[in-house]
Amino acid sequence: MSAAVAVAPTPAPLLPQPDPDAIALPSVMAALSDPIRLTILHRYLVDGDGSEQACGWVGIDRPKSTLTHHFRVLREAGLLEQRQDGLERRSRVRTEVIAQRFPGVLDLVRTWQVPPAVLLEDLPPLPAPRTAGAHTPARA
């Protein structure tokens with residue numbers, strides 16, 4: 001009788017993003033020039049605890065299509081990494097890469113004061129950490 005071997009699930013691959021050496025300061029600054037994108041990055045840095053979070057977690061009162069656009073701009077600028085996890089996209093700030101390429105930029109984002117009108121009144125709490133590769137079941 002053979003013993004069952006537990007295999008850890010592999011995380012979903014990252015969506016396309018620039019290599020660290022290809023991240024350009026003008027692209028980063030252009031991405032951060034919009035208050036919504038600045039708020040998204042601020043929320044991940046201050047409340048995200050460095051972990052991957054679902055895009056809906058940020059608690060910004062804008063249509064899903066608008067937020068999808070802003071997340072794409074942040075990813076294409078090299079500020080966020082994203083992966084598709086079942087029906088949701090999970091994001092994380094590329095803290096180490098950005099801090100090495102552009103020291104001090106993320107500190108400015110962390111200390112920025114988010115305009116209250118941008119966020120929902122009741123922000124979603126930080127969810128419990130998920131196991132890598134765990135998928136959210138589809139809702140019926």
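Read-outs throughout are calculated quantities, based only on the coordinates presented, and are distinct from any laboratory measurement. Note that the coordinates shown come from a computational prediction; the quantities given were computed from them, not determined experimentally. Cβ sites come from the backbone with ideal geometry, for glycine too, and all protein chains shown count toward neighbours.
Charge dipole (Cα centre; +1 on Lys/Arg Cβ, -1 on Asp/Glu Cβ; no other charges) of region 1-121 amounts to roughly 200 debye.
In percent, rounded to a whole number, the relative contact order of region 9-92 is 45, using alpha-carbon pairs under 8 Å and six or more apart. Averaged over residues, the count of other Cβ atoms within 10 Å places the peptides 80-87, 22-29, 40-47 in the sequence 40-47, 80-87, 22-29, highest first.
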